[in-house]
Amino acid sequence: MEQGQVEVRWVAVTPANAAVAEAAAADGVFDERERQQSAAFRRAEDRALYQVAHLALRRLLAERSGRRPEEVVFRRAPCPGCGELHGRPELAQAPGLEFSLSHSGGLALIALAADPIGADVELGGAFAPGAGAEVVTQLHPAERAELAELAERRPDRWTAGALRCWVRKEAYLKGTGMGLGQGVDKDYVGLGPGFDVAPAGGERPPAGWELRAVEVPAGYDAAIALRLPPGLAGESVRVRSAELWVGER
């Protein structure tokens, strides 16, 4: 893939997609870790989402690395905090092809890029009035201030603003490889454009990263965070989004 280009695909758990993913699991497409994780789900819908998401990821990576889906091998990059091998997941056979996978409420989101990438998708109800209040108190102080201003000026937009801030935050932390274990109060990502709220205290998102909202079906919100290669400006990043099917339409 070219630097500065991000491919985003989303895939829903339809009956056709779920059936194909279940058949792939029975045919041995998934590795031992994936099989153990799939078996650990108590709810059938959670298992179906996991299988559909991982089959879609394997197919996309196989297509771009010249392998069959069952030949794709994953590994963990070194953690940027401690150096141990529990950082961002990566493809063992194709250096230079980065990916991020997220799923929520029957929808999976996959982002591919040539540079470290993070992606997050969340069901809209995650921040319905009252549901996300506790999470919001854990955000960066400037983000809390922006949401407080939004609640005062446009209370009808608060839920969307909180959700957007959260998907931006998760995407960024996944892109760095630190994940939520670092906490969500240390790095500022803000609400991003579209909410008519100025960054509190003059804060700016992390230098060297481009954060974007991405297109997903109604009822969800999603974002990607791309680490910019040297010399590439954020406005030069191109993001292409499309739906993906693993079964028949």
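The values are calculated or read from the model by the stated rules, or taken from the named source; none is laboratory data. From a predicted model like this one, the values you see are computed outputs, not experimental measurements. We place every Cβ from the backbone using ideal geometry, glycine too, and count neighbours over all the protein chains shown. SASA here: full protein model, heavy atoms, side chains in, ligands and nucleic acids out. Shrake-Rupley method; radii C 1.70, N 1.55, O 1.52, S 1.80 Å.
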Testing ASP156 on (1) open to solvent by 40 Å² or more (accessible area, probe 1.4 Å); (2) closer than 26 Å to SER102 by Cα; (3) over 18 Å from the mean Cα position of the chain (by Cα), one condition comes back false. Which one is that? (2)
How do the helices (runs of 4 or more DSSP H) wholly within segment 1-101 filter down when requiring 3 or more residues that are of a type in the set (Asp, Glu) and either over 27 Å from LEU226 (Cα atoms) or out of contact with any strand residue (DSSP E or B) (no Cβ under 6 Å at 6 or more places or on another chain) (or both): which remain? 44-65
Failed item in (1) under 27 Å from SER241 (Cβ atoms); (2) more than 20 Å from the chain's Cα centre (by Cα); (3) at pLDDT 95 or above; (4) open to solvent by 50 Å² or more (accessible area, probe 1.4 Å), with ARG59 passing the rest: (2)
Residues that are touching a helix residue (DSSP H, G or I) at 6+ places or on another chain (Cβ under 8 Å), in contact (Cβ under 8 Å) with a residue 40 or more places away in the chain and open to solvent by 10 Å² or more (accessible area, probe 1.4 Å), drawn from segment 117-134: GLU122, GLY124, ALA126
Over segment 187-204, the set of residues open to solvent by 50 Å² or more (accessible area, probe 1.4 Å) and either touching a His at 6+ places or on another chain (Cβ under 7 Å) or not charged (D, E, K, R) (or both) is PRO193, GLY194, ALA198, PRO199, GLY201, GLY202
Answer with yes or no whether LEU228 is of a type in the set (A, V, I, L, M), surrounded by 15 or more Cβ atoms within 10 Å (Cβ to Cβ) and in contact with an Asp or Glu (Cβ under 7 Å, 6 or more places away or on another chain). yes
Please verify whether VAL167 is within 21 Å of ILE117 (Cβ to Cβ) and surrounded by 18 or more Cβ atoms within 10 Å (Cβ to Cβ), treating the condition exactly as stated. yes
Could you tell me whether segment 125-140 includes any residue that is among the polar types (S, T, N, Q) and either in contact with a Gly (Cβ under 7 Å, 6 or more places away or on another chain) or under 21 Å from ASP31 (Cβ atoms) (or both)? no
Suppose the filter is in contact with a Phe, Trp or Tyr (Cβ under 9 Å, 6 or more places away or on another chain) and over 28 Å from GLN3 (Cβ atoms); does TRP158 pass it? yes
Could you list, ordered by first residue, the pairs with Cβ atoms under 6 Å in which the first is in segment 60-75 and over 12 Å from MET1 (Cβ atoms) and the second is open to solvent by 80 Å² or more (accessible area, probe 1.4 Å) and not in a helix (DSSP H, G or I), at least 6 apart or interchain? ALA62/ARG68
